[in-house]
Amino acid sequence: MRVYADNAATTQVSRSALEAMLPCFTEYYGNPSSMHQSGQDAARLLINARETMAKYLGASPNEITFTSGGSEADNQAIISAALRGARKGKKHIISTKFEHHAVLHAVEKLGKEGFEITLLDVHEDGIVRLPKLEAAIRPDTALVTVMYANNEIGTIQPISEIGALCREKGVIFHTDAVQAAGHLEIDVTKQNIDMLTLSAHKFHGPKGIGLLYCRKAIPLSTLIEGGAQERGKRAGTENIPAIVGMAAAFREACENMAVNMPRVRALRDRLIDGVLARIPEVILNGDREKRLPGNANFSVTGIEGESLLLLLDNAGICASSGSACTSGSLDPSHVLLAIGLPHETAHGSLRLTLSEYNTQEEIDYIIEALPPIVEKLRMMSPVWKKK
Ligand SMILES: *Cc1c(COP(=O)(O)O)cnc(C)c1O
């Protein structure tokens, strides 16, 4: 059996997204900036896609800027808010210790360029505390950027409360909603979100496409200079196939959320219960309830995450330890360190992330395959033998 349980890293493109994309290569291949019929056909697809994305986010179409993905949108949001702040003498930025590197490295870079950075703790349960945020906000705070849901441990942050607080204090609030989009309800208006990032390949859309929502009142700076595409906020010929695919995937995910997510949550709970019941000395990282429907993240005492992944892969199971971006490096995950795990434990982490494409048979297969693999690795582990 082959089981894909790494949906936080990326997802399979849905059939409807793929089918929406294909005519963009064969028929609607015009450049939307061209005045002729072919160009205008493509321009219409672009308008429709923007309207779809705006509708399901509670935004208006002219607040949506398409980008090359989540990383670009995060960078553009943070840099825009920082430049706007600097113009007003506000050079303080608040974020958290467990953001995605696209946010963390962007704010750290600003830290080297004269901004003052406060990174909030996320506590053992992986959730930011509102009073701590409130205490950190200063008159010179230019931006609060807190992710909607964490990509490694899946914990969901109190986004509406943070939005309300930031609006009250007059501070720009950006959220990296890459893991939440298509899986959790989002309404940028109701939730007082000023800027929001999403990326299509985390909800069964194509890779290399995402967007930045930016509320009308807030000026966006450009990262890429050139033509007047995206109202001058992001130059370069629009990636029409990807944009159309993203809109199809997002519509599908939002329309089916109420049916799909309870099913995914049930699979996740079956997986969590099965793993915790069958393997001794395993802990679930992150709050049990306030987590993404598809996320399970465990620390397995006495083993190396990398060797575990290898043996799981041999058994046909695609999993991850920490995020895809940090696998390949031997540093323990900054997310697991942020929730207070010691280095040894952080090394032995296992992330299994599910989608509506997973089945109960696949979950049961993981629950059967995992205990003997962990047992085998522990028998070889010098750390475990000492016990
Ligand atoms: C995947 C991910 C990103 C990066 O998105 P890309 O489209 O791959 O650049 C950013 N933030 C979070 C939380 C993610 O999970």
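The values are calculated or read from the model by the stated rules, or taken from the named source; none is laboratory data. Quantities reported herein were computed from a predicted structural model and do not represent experimental measurements. In this analysis, Cβ positions are derived from the backbone assuming ideal geometry, glycine residues included, and neighbour counts consider all displayed protein chains. Areas reflect the complete protein model, heavy atoms only, side chains present, ligands, DNA and RNA absent. Shrake-Rupley method; radii C 1.70, N 1.55, O 1.52, S 1.80 Å.
Exactly one of these conditions fails for Leu57: (1) within 16 Å of the ligand (Cβ to nearest atom); (2) farther than 24 Å from Asp121 by Cβ. Give me its number.
(1)
Report the residue count in region 85-103 for those that are open to solvent by 10 Å² or more (accessible area, probe 1.4 Å) and in a helix (DSSP H, G or I).
Number satisfying all stated conditions: 4.
Please name all residue pairs, on different chains or six or more residues apart, with Cβ atoms under 8 Å, provided the first residue is in region 1-19 and is more than 19 Å from Pro293 (Cα to Cα) and within 16 Å of the ligand (Cβ to nearest atom) and the second residue is open to solvent by 50 Å² or more (accessible area, probe 1.4 Å) and not in a loop (DSSP other than H, G, I, E, B).
As it stands, the answer is Ala17/Glu252, since those pairs meet every condition given.
So how many residues does region 187-204 have that are more than 10 Å from the ligand (Cβ to nearest atom) and either of a type outside the set (A, V, I, L, M, F, W, C) or more than 19 Å from Glu356 (Cα to Cα) (or both)?
Residues flagged as more than 10 Å from the ligand (Cβ to nearest atom) and either of a type outside the set (A, V, I, L, M, F, W, C) or more than 19 Å from Glu356 (Cα to Cα) (or both) within region 187-204 amount to 11.
Based on this model, can you work out whether Ser34 counts as away from the ligand (no atom under 16 Å from the Cβ), surrounded by 20 or more Cβ atoms within 10 Å (Cβ to Cβ), farther than 23 Å from His201 by Cα and of a type in the set (Ser, Thr, Tyr)?
no
When region 306-362 is examined, which residues are found to be open to solvent by 30 Å² or more (accessible area, probe 1.4 Å), within 16 Å of the ligand (Cβ to nearest atom) and modelled with pLDDT under 90?
Those that are open to solvent by 30 Å² or more (accessible area, probe 1.4 Å), within 16 Å of the ligand (Cβ to nearest atom) and modelled with pLDDT under 90: Ala324, Cys325, Ser327, Gly328.
Would you point out which residue out of Thr11, Thr65 is in a loop (DSSP other than H, G, I, E, B) and crowded, with 20+ Cβ neighbours inside 10 Å?
Thr11
Suppose the filter is part of a loop (DSSP other than H, G, I, E, B), touching a helix residue (DSSP H, G or I) at 6+ places or on another chain (Cβ under 7 Å) and farther than 21 Å from His204 by Cα; does Pro280 pass it?
Here the answer is no, as Pro280 does not meet what is asked.
Taking region 114-138 only, how many residues are more than 24 Å from Phe298 (Cα to Cα), part of a loop (DSSP other than H, G, I, E, B) and either without any contact (Cβ under 8 Å) to a residue 12 or more places away in the chain or of a type in the set (Phe, Trp, Tyr) (or both)?
1
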